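Quick notes on the structure that follows.
The values are calculated or read from the model by the stated rules, or taken from the named source; none is laboratory data. Values in this document were obtained by computation on a predicted structure and should not be read as measured data. Don't worry about glycine lacking a Cβ; one is built from the backbone with ideal geometry, like all the others, and counts go over all protein chains shown. Note: areas computed on protein heavy atoms with side chains; ligands, DNA, RNA excluded. Shrake-Rupley method; radii C 1.70, N 1.55, O 1.52, S 1.80 Å.
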Amino acid sequence: RGNQMWGGRFASGPAAIMQAINASISFDRKLHAEDIRGSIAHSEMLAEKGILTKADQKKIAKGLKTILAEIEGGAFAFSEKLEDIHMNVEARLAELIGPTAGRLHTARSRNDQVAVDFRLWVKNECLRVAEALKGLIAVFLRRAEEHAATVMPGFTHMQAAQPVTFGHHCMAYVEMFSRDLSRVRDAIERMDESPLGAAALAGTGFPIDRHMTAKALGFREPTRNSLDSVSDRDFALEFLSLSAICGTHLSRLAEEIVIWSTPQFGFIRLSDSFSTGSSIMPQKKNPDAAELVRAKTGRINGHLVALLTVMKGLPLTYSKDMQEDKEAVFDAAETLDLMLAAMTGMVGDMTVDQVAMKRAAGAGFSTATDLADWLVRTLGMPFREAHHVTGRAVALAEEKKVGLEKLALADLQELHPGITQDVFSVLSVQNSVKSRVSYGGTAPSEVRKQIRAWKKRLAKL
Ligand code: ARG
């Protein structure tokens, strides 16, 4: 027997392998709630416009609600023969209410149906990601507040550069994740249009009201071009790209956590709930969750490139290629949700070793710039010359195997006679960070200002 939905002109059914490559039900069943919601909104609009009788609409809506309950209760028998979620639901509706079920698909196609279902799903996922990002930002704000004055080394090239505070470092991630959040908001803004009613591709001759269905489904307005409505997957691409960028931020953080938690660094200790042991080496505490966040970022990047590649060769409008959009988005969404939750947990309850951080902050002559700045400020030396004198001081300290602050004043005066005891006040890591009061700088006073501003902003994000 041919397909009961479109088999009219077919003499025989599809080959088993045709069915296998064509079916999407194994994954698009995830869209069941959106599909039923879309169908109910469509039926209500058809009834309102006199395209469907009120009595038929009631029967259809009741049947669809029964199906939703069946699916949610695990009592629904999905069939691969029926290809996808749309036809599985419609076939079951026919079983439940008879031929009236066939009236639901008036003035609609699976092309606008899948487009509206998928937009609803992606939009909802974006809202979930926004909430998760707010949770992560809140955790960073709390850690930043606790450690606004905790000194740690700041790095460039992974080499100790200048002392910073751990609170400042946390606030860098607040900036990054807030940009991610604003990308999510932007994407929602653009995808907030309903394609329902574009029908197959050209619109329909039935007197439908697309504004009504758009409103009922929580969209700002209907899309304006029927061809674009069924061929556009920008909303999925935007979700994947914002996920990839957010994943990249999470991955850089994960990498820092991996490094910081090594005994060699010892800046942080992960809680028992967010680390694992080794089955052979009893002393080990491994940062598996951080490593997996780092690795899973690759998966999201892969999904982004996969869908970009699927879309790039498609002429308008719908091609079956587009069915490949779903697994990419579903897996990326599940992955990102997990990454955000794991990171929020890890950062929230890791222990910060202030002693280890401070010790490391002083290593590698990290206050050399402060010495040069002192020469400029106090002696009026041009910075280039100050840089040179300081370089010689570093070489001397290296030779004597001591820190800059342990050099004798007499030794420093040999490099420049104008140097006084006062210079030592700028060579400590605390005074170094305290002095960095420029807007956005690492001074605890500045960091606290930024924390206060972000806390106010967070409430409105
Ligand atoms: N399962 C299909 C998809 O996900 C639904 C749309 C099918 N439309 C069609 N004309 N074959 O893309």
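For the reader, a short list of remarks on this structure follows.
- Within segment 352-374, residues that are without any contact (Cβ under 8 Å) to a residue 24 or more places away in the chain sit with their Cβ atoms under 8 Å from residues that are assigned to a helix (DSSP H, G or I) and surrounded by 16 or more Cβ atoms within 10 Å (Cβ to Cβ), at 6+ positions apart or across chains, in these pairs: A372/A386; A372/H387; A372/V389; A372/T390.
- Summed over segment 31-90, the residues that are of a type in the set (S, T, N, Q), out of contact with any Phe, Trp or Tyr (no Cβ under 8 Å at 6 or more places or on another chain), more than 20 Å from L217 (Cα to Cα) and within 16 Å of the ligand (Cβ to nearest atom) give a count of 1.
- Among the candidates A172, A132, A138, A160, the residue that is outside any loop (DSSP other than H, G, I, E, B), open to solvent by 30 Å² or more (accessible area, probe 1.4 Å) and at pLDDT below 95 is uniquely A160.
- Any helices (runs of 4 or more DSSP H) falling wholly within segment 288-398 and containing at least 3 residues that are under 30 Å from L227 (Cα atoms): 288-312, 325-349
- Matching residues, segment 323-335, being surrounded by 22 or more Cβ atoms within 10 Å (Cβ to Cβ) and either more than 18 Å from R119 (Cα to Cα) or small (G, A, S) (or both): A328, A332, A333
- Looking across segment 208-223, the residues that are under 14 Å from R108 (Cβ atoms) and either within 16 Å of the ligand (Cβ to nearest atom) or part of a loop (DSSP other than H, G, I, E, B) (or both) come down to I208, D209, L217.
- Considering residues of segment 298-322 that are closer than 20 Å to R29 by Cα and open to solvent by less than 20 Å² (accessible area, probe 1.4 Å) only, the residue nearest to the ligand (Cβ to nearest atom): M322
- Residue pairs meeting the criteria (Cβ under 6 Å; at least 6 apart or on separate chains; first open to solvent by 30 Å² or more (accessible area, probe 1.4 Å), in segment 95-113; second within 16 Å of the ligand (Cβ to nearest atom)): R110/H86; N111/A200; N111/V230; N111/Y318
- Selected residue (criterion: least open to solvent (accessible area, probe 1.4 Å)) from residues of segment 14-27 that are without any contact (Cβ under 8 Å) to a residue 24 or more places away in the chain and either closer than 14 Å to K320 by Cα or away from the ligand (no atom under 16 Å from the Cβ) (or both): A15
- Sole exception among (1) under 18 Å from the mean Cα position of the chain (by Cα); (2) outside any helix (DSSP H, G or I); (3) not basic (K, R) for A107, by number: (1)
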